[in-house]
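Undergrad: Take a look at the following structure, please.
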Amino acid sequence: ARDWRARDSRVDAEGRAMATRAMRSTPSTPARAATRRRTRRAEATRTRANANATPANDLMIRAARGERVERTPVWLFRQAGRHLPEYNEYKKSTGKNFLELLADPKDVAEVTMQPIRRYNLDAAILFSDILVIAEALNIEVEMPGGKGILVPNPLRGPEDMHRVPESIDVNEKLAHVLASVKEINVQIEKEGLGVPLIGFSAAPWTLMYYMVGGSSRKNTDAGMRWLKEHPKEAQKLLDILTDVVIDYLDAQVKAGVHMVQVFEAMCEHITEESFYEYAMPCMEKIARELKKRHPTVPLLGFARDAPYGLAALQRAGYDIITIDTAMDRVVARDVLSHDAETRGVQPSGVQGNFDPTLLNKEGGSSFEGIEREVTQMLKDFGPQKLIANLGAGLGGKEDVEKVAYLVDSIHRVSEDMIAGK
């Protein structure tokens, strides 16, 4: 059988060589030249789509699937960005602001790569913004330095709903993001870093919160006002956003991300009752549809400031539930275990929740203090079915040496725990 395959391979190779010689000996025509250009583009596209398809470091993927790992994997919220001197230098050298960087896949890839070059992280995360979907839906977004996210012309009431299309083609409207996913995987493979890429989207309530309120710091009650005063229109907006989030994450997976994170970041500004009535059904539909389309791709869910929603996220089908600093670690595991036990299933894994303020240059912890907290976190959660992360994102005040120590400490301490040392 091996001889037959070898002979067949030689025949194929000889045939391809003859065809190539024939093409070269045939006078070129515009049509033939165009065909060759299309062929080269198609081959380049296939190469980019397949880059980093099976990362050598699959700790994150295995942990998210509930498989046993030899050490706890770690990545960090906002691991790319302003806490890194190379990011600030890159912004300065390009003369671009944050939103301008997001528009160019080459810039996005470079910024995404910076933290995984510097730290021993187990995953890259797409450098993007939670409001790219809002922008795709014709909502202007600004990010003036020091003022957070601003939507200068939010939806003031139902009379503004005509500004929002009922559906969009994410492959067209968010093509630059999808191109960035492919470019990042090319770079990961080219540099031999071998880590998976996390895709993400804001969840519908968070998107709606900004689209109707305009700011993370002002008009913080606008979203709840919509739910109370315009429930029909609020539900319609959430339905539109849910469908776009699903298509967006689906497109990210097709472009090459290995897992996806859904961020419901603004639960501080919704009541528990309204969370279950409005926000959670959107999260359920997202998980249900993505599991249908991509059953092997891990889903990570995060409802920040909504510790009451852990079991609901688990029931919805999220493989990993993110725990913020508002929730006790042992209690979080117990809640998930009890819910899973009552349904006769395995509990989801967890992600979190190291306090990022311990990493600050001023007022942060010592290396010894960081390791003590890492050890306590790993004892509380247990090192398996855990993705180590922060309880909130890096904000720019952190010491890169402390961040590096955190990452290495998580690996070292968890490896010793698992090995029984």
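Nothing in this text is a laboratory measurement; each read-out follows from the coordinates by a stated rule. This one's a predicted model, so the numbers in the text were calculated from it and none came from an experiment. Cβ: placed from backbone, ideal geometry, glycine included. Neighbour counts: every protein chain shown.
Undergrad: If you restrict to DSSP beta bridges whose two residues both lie in the chain, what percentage is antiparallel, to the nearest 5?
TA: If I count the DSSP bridges inside the chain, around 10 percent turn out antiparallel.
Undergrad: Turning to a different aspect of this structure: Place the peptides 130-139, 186-195 in order of packing, highest mean first, counting for every residue the other Cβ atoms within 10 Å and averaging per peptide.
TA: 130-139, 186-195
Undergrad: Which of rounded, prolate, oblate describes segment 331-400, given a ≥ b ≥ c as roots of the alpha-carbon gyration tensor eigenvalues and a/c under 1.5 marking rounded, otherwise prolate only if a/b is larger than b/c?
TA: prolate
Undergrad: If you don't mind, another one. Normalising by the residue count of segment 306-421, find the relative contact order in percent from Cα pairs under 8 Å and 6+ residues apart. The partial results should precede the final answer.
TA: Details: 139 pairs, mean separation 31.2, N = 116.
So the answer I get is 27 percent.
Undergrad: So what is the relative contact order for segment 134-234, in percent, with contacts set as C-alpha pairs under 8 Å and at least six apart?
TA: 34
Undergrad: By the gyration tensor of its Cα atoms, with a ≥ b ≥ c the square roots of the eigenvalues, what is the shape of segment 140-268: rounded for a/c under 1.5, prolate for a/b over b/c, or oblate?
TA: Working: a/c = 2.37, a/b = 1.86, b/c = 1.28.
Cα axes put segment 140-268 in the prolate bin.
Undergrad: Relative contact order (percent) for the chain, with alpha-carbon contacts under 8 angstrom and 6 or more residues of separation?
TA: That works out to 20 percent.
Undergrad: Determine the shape class of segment 104-202: with a ≥ b ≥ c the square roots of the Cα gyration tensor eigenvalues, call it rounded for a/c under 1.5, and otherwise prolate if a/b is greater than b/c, oblate otherwise.
TA: Prolate, since a/c reaches 1.5 and a/b exceeds b/c.
Undergrad: If you don't mind, another one. Read through the labelled values (i) 1.03; (ii) 1.08; (iii) 0.98 and report the label of the one computed as Cα Rg over 2.2 N^0.38 Å from the structure.
TA: (ii)
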